[in-house]
Amino acid sequence: MIQDQLAGTSVLITGGAGFIGGELAHTLANPADVTVLDDCSSGDPDRVPSEATFVRGDIRDRQTVSDAMDGVDVVFHEAALVSVAESVETPLESHSRNSTGTLTVLEAARDHDARVVCASSAAIYGHPERVPVSETDPKEPTSPYGLDKLALDHQTRLYHELYGLDTVALRYFNAYGPDQPANDYSGVISIFFERALNDEPLVIFGDGEQTRDFVFVDDIVQANLRAAVTDEVGEAYNVGTGTRVTITELAESIIEVTDSNSDIVYDDPREGDIRHSGADISKARDSLGFEPTVSLEEGLRAFPVSDNE
Ligand code: UD2
């Protein structure tokens with residue numbers, strides 16, 4: 001298994017109480033020595049595995065970050081303000097957490113000579129000129145979140161070019177998994193599951209023909225582990241599956257999987273919504289050996305279908 005290549009190393013996971021960071025922490029808790037740094041502004045301390053050292057703190061606090069990085073070989077930087085909609089409401093907060101926070105992590109990594117794998121996002125591409133989108137395509141973010149992740153993406157590359165640090169940026173497409181919280185700021189899959197399980201209508205914004213590349217959290221973890229050991233550093237990689245579904249197809253699948261009586265209803269399109277998003281993953285395939293392993297059908301079946309499960 002890829003995580004065995006990190007056996008005996010010391011890793012720091014920022015945002016390790018969050019949806020993706022928590023999954024990484026559980027995967028690495030056995031082979032590696034894991035420290036989690038999370039301020040729990042959106043993360044849940046219950047996600048942190050008992051084997052990990054948990055530091056409750058803010059990634060913008062230089063001393064806290066530096067202390068947490070003492071003796072660390074690899075940093076997985078997952079801490080972020082994760083919601084596009086929230087970033088539109090609070091652009092300063094998004095900038096502070098997503099851009100300044102990342103610089104603070106990279107600066108500490110420079111001091112401690114630690115490798116850093118940073119969570120970038122497909123949001124940096126804005127409305128792609130073509131799908132699937134490849135890493136060199138234009139980047140015109142349409143939200144503060146996308147802009148701040150674009151800054152993170154460049155910061156990650158610059159710390160390699162200027163300071164010789166081993167860095168990698170992973171541009172996540174639409175991440176999902178059973179542990180993703182369902183609220184106004186979360187992804188469509190967790191929202192649809194919650195509504196389907198309560199037989200409430202699934203509300204689609206727009207005509208439902210918009211498409212997304214949904215990537216299961218286990219595959220996001222796999223990409224991170226590969227980035228932690230690759231020689232191809234100073235690079236950014238798309239992390240998706242290379243396949244897309246329409247939001248109507250997604251809603252129908254979730255109703256089927258949950259055996260729900262929910263209806264599908266259509267509402268006004270969401271402002272700033274991207275029409276089509278899908279990843280060209282050939283670079284990650286060729287350079288990292290990344291291969292998505294969980295189809296959308298399998299991923300949806302990993303969700304609990306009743307409150308008792
Ligand atoms: C996701 C990520 C974002 C960023 C981006 C990368 C979330 C919450 N956001 O934005 O962080 O990484 O991908 O491109 O994961 N929709 C409905 N009904 C609902 C909710 C959503 O129809 O109740 C639609 C929505 O209008 C959009 C699609 O579903 O067309 C996906 O929406 P999303 O909020 O899950 O994710 P997205 O692609 O805006």
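Every read-out reported here was derived from the displayed coordinates using simple, explicitly stated rules and does not represent laboratory data. Owing to the predicted nature of the structure, the values given are computational and were not obtained by experimental measurement. A quick note on method: Cβ atoms are made from the backbone with ideal geometry, for glycine too, and the neighbour counts reach across all protein chains shown.
Evaluate the Kirkwood expression for the hydrodynamic radius of the stretch 39-128, namely the inverse of the mean inverse distance over all pairs of different C-alpha atoms, and round to one decimal in Å.
Working: mean 1/r = 0.0702 Å⁻¹.
In the stretch 39-128 this quantity evaluates to 14.3 Å.
Dividing the Cα radius of gyration of the stretch 133-277 by 2.2 N^0.38 Å, with N the residue count, gives 1.20. Between the helical axis of 101-112 and the longest alpha-carbon principal axis of the chain there is an angle of about 30 degrees.
Can you work out D for the stretch 193-258 in µm² s⁻¹ from Stokes-Einstein, where Rh is the Kirkwood radius over C-alpha pairs, the temperature is 10 °C and the viscosity is 1.306 mPa s?
Numbers: Rh = 14.4 Å.
Value of D from the Cα-based Kirkwood radius: 111 µm²/s.
With the helix formula -39500 (n - 2.57) applied to DSSP H stretches of n ≥ 4, the chain reaches a computed 222 nm mean residue ellipticity of -9500 deg cm²/dmol.
Note that the stretch 215-228 has calculated 3J(HN,Hα) couplings of 10, 6, 4, 4, 6, 5, 4, 4, 4, 5, 5, 5, 5, 6 Hz, one per residue in order, obtained from phi through the Karplus relation 6.51 cos²θ - 1.76 cosθ + 1.60 (θ = phi - 60°); glycine and proline are x.
State the Kirkwood hydrodynamic radius of the stretch 142-216 in Å, one decimal place, computed from all pairs of distinct Cα atoms.
Details: mean 1/r = 0.0658 Å⁻¹.
By the Kirkwood definition, the hydrodynamic radius is 15.2 Å.
The percentage of C-alpha pairs in the stretch 174-227 whose separation is greater than 15 Å is 56%. Over all pairs of different C-alpha atoms in the stretch 196-309, the reciprocal of the mean inverse distance, the Kirkwood hydrodynamic radius, equals 16.0 Å. The alpha-carbon atoms of the stretch 83-218 define a convex hull whose volume equals 130 cubic angstrom per residue.
Simple point charges give the picture: +1 on the Cβ of Lys and Arg, -1 on the Cβ of Asp and Glu, and for the chain a dipole about the Cα centre of about 800 debye.
Ranked highest first by the average count of other Cβ atoms within 10 Å around their residues, in what order do 133-140, 219-226, 14-21 fall?
On the way: 133-140: 15.8, 219-226: 23.9, 14-21: 27.8.
The most tightly packed comes first, giving 14-21, 219-226, 133-140.
Here the stretch 156-253 is treated with +1 on each Lys and Arg Cβ and -1 on each Asp and Glu Cβ, and its dipole about the Cα centre works out to around 200 debye. Identify which of E86, E249, E291 has the largest mean-square fluctuation in a Gaussian network model of the chain, with springs joining Cα atoms closer than 10 Å. Looking only at E86, E249, E291, the biggest GNM fluctuation is shown by E249. With N denoting the number of residues in the chain, provide Rg(C-alpha) divided by 2.2 N^0.38 Å, to two decimal places. Expressed relative to 2.2 N^0.38 Å, the Cα Rg reads 0.96.
All Cα-Cα separations within the stretch 3-64 were binned at 10 Å from zero, giving a P(r) of 27, 53, 19, 1, each value a whole percent of the pairs.
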